[in-house]
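The values are calculated or read from the model by the stated rules, or taken from the named source; none is laboratory data. Remember, it's a predicted structure, so these values are computed and weren't measured experimentally. Because the Cβ atoms are built from the backbone with ideal geometry, glycine has one as well, and the counts that use them run over all protein chains shown. The protein model used for the area step is the full one, side chains on, heavy atoms only, and it has no ligands, DNA or RNA in it. Shrake-Rupley method; radii C 1.70, N 1.55, O 1.52, S 1.80 Å.
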Amino acid sequence: MSECLKDAPIGVFDSGFGGLTVVREIMRQIPNEKIVYFGDTARVPYGSKSKETVTRFSRQITHFLQTQNVKTIVVACNTASAYALDELEKEIDIPMIGVVKPGAKVAAETTRNGKVGVIATSATIGSEIYTTYIKDLKPEISVTGKACPLFVPLVEEGLLEDPVTDEIASRYLLELIDIDIDTLILGCTHYPLIRNTIGRVMGDKVTLVNPAYETARELKCLLEEKNLLQDKKPDLGENRYQFYVSDGAEKFKTFANSILKYGILSAKTINIEEY
Ligand code: DGL
C-alpha cells in the first residue's frame with residue numbers, strides 16, 4: 001500500500017455533535033491520524049426519522065467524505081449504523097466501521113448478571129440491533145432497550161449538567177433500575193456527554209459502556225490489517241483535523257472546542273444536499 005494512502009484522513013460522521021465523542025477517542029488512541037468530520041447539524045436529530053431518510057442522509061455524507069479522499073469511514077452515529085451501514089458498505093469500496101457492533105461486544109463481555117440495558121434513539125431501539133448483536137455473542141443475555149429521545153436535543157443545547165437533564169434522565173432510566181441491569185450501553189454517541197448525569201441516576205453498581213473506546217480500538221486494528229495505519233508523526237503545526245457541518249459552524253466550533261483537547265481552528269458549513 002502506498003504511503004500516500006496511509007496519509008489520507010479518516011472520515012467520521014454523525015447527525016451533529018455526538019460523533020465528537022468518537023473523534024475524541026480516535027485522537028487519543030491513534031494520534032497520528034488525520035480526521036475529516038462531518039456533523040449534520042441542519043438535519044439533526046436522526047433518531048426520530050425513517051430508515052429511508054437516515055440512509056439517504058448517510059449516503060450523501062459518505063459521498064462528501066469520499067470527495068475528501070478519506071481512507072476509511074467511521075459511522076459515529078448509532079442510528080446511522082443501525083439503519084444505513086449495511087447498505088452503504090455494499091455501495092462503496094473503502095472500509096467502513098460503525099459503533100454498534102463494538103458496543104455490543106463490550107457489553108456482552110462486561111455483564112456479570114446477564115442483564116444489559118441499552119439507551120439510544122427511538123430508531124436504534126426500534127431496530128433491535130443491539131439485542132441482535134449481543135444475542136449472537138451470548139444468547140443467554142437479556143437485553144432491555146429504552147428510547148431516550150429528549151437526550152439529543154438536551155446535548156445539542158449544551159445542557160450537559162442541568163436540573164432539567166437530571167429530571168428527564170430520572171424518568172427515562174427508572175424502568176432500567178427496576179429490572180436490576182448491571183451494564184448499560186450508551187447507545188447514542190451524544191450520551192457520553194451526559195455520562196455524569198446518567199451514572200448518578202443509575203448508581204455505581206451499573207457499568208456504563210461507551211462504544212467509542214472499542215470503536216477506536218477496532219478502527220486501529222482495521223487500519224493495521226489493511227496496512228493503512230499512519231505510522232509517521234504529523235509535521236509540527238500541521239492542521240490534522242477538519243470539521244464540516246450543514247449549519248451553525250460557529251456554534252459547532254465552540255462546542256467542539258469545549259470537549260476536544262485540540263483546539264479546532266475552524267468549522268466550515270457545506271450544502272450536503274449537493275452530494
Ligand atoms: N448521535 C446519534 C446516535 O448515535 C444520533 C442522534 C440523533 O440524531 O438522533 O444515534
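Determine whether Val116 is more than 18 Å from the chain's Cα centre (by Cα), within 19 Å of Thr189 (Cα to Cα) and not in a helix (DSSP H, G or I).
Yes, satisfied.
Using the structure shown, decide if Ala82 is more than 19 Å from Pro102 (Cβ to Cβ), open to solvent by 10 Å² or more (accessible area, probe 1.4 Å) and small (Gly, Ala, Ser).
no
Looking at (1) β-branched (Val, Ile, Thr); (2) within 14 Å of the ligand (Cβ to nearest atom); (3) over 16 Å from the mean Cα position of the chain (by Cα), which is the only condition Ile177 fails?
Of everything listed in (1) β-branched (Val, Ile, Thr); (2) within 14 Å of the ligand (Cβ to nearest atom); (3) over 16 Å from the mean Cα position of the chain (by Cα), Ile177 misses just condition (2).
Return the residues of the stretch 228-275 that are exposed (fewer than 15 other Cβ atoms within 10 Å of the Cβ) and of a type in the set (S, T, N, Q); say none if nothing qualifies.
Result: Asn239, Thr254, Asn257, Ser258, Ser266, Asn271.
Please go through the stretch 105-116 and pick out each residue that is within 22 Å of Ala169 (Cα to Cα) and within 16 Å of the ligand (Cβ to nearest atom).
The answer is Ala107, and nothing else.
Just need a number here: residues in the stretch 19-49 that are more than 16 Å from the ligand (Cβ to nearest atom), acidic (Asp, Glu) and in contact with a Gly (Cβ under 7 Å, 6 or more places away or on another chain).
The qualifying residues number 0.
Within the stretch 127-148, take every residue that is crowded, with 16+ Cβ neighbours inside 10 Å and assigned to a helix (DSSP H, G or I) and give me the one that is farthest from the ligand (Cβ to nearest atom).
Lys135
List, please: which pairs have Cβ atoms under 8 Å, are six or more places apart or on different chains, and start with a residue in the stretch 86-104 that is farther than 16 Å from Cys221 by Cβ and among the small types (Gly, Ala, Ser) and end with one that is open to solvent by less than 10 Å² (accessible area, probe 1.4 Å) and more than 16 Å from the ligand (Cβ to nearest atom)?
Ala104/Ile134
Any chance you could count how many residues in the stretch 29-69 are under 24 Å from Gly158 (Cβ atoms) and open to solvent by 20 Å² or more (accessible area, probe 1.4 Å)?
The number of residues fulfilling the criteria is 7.
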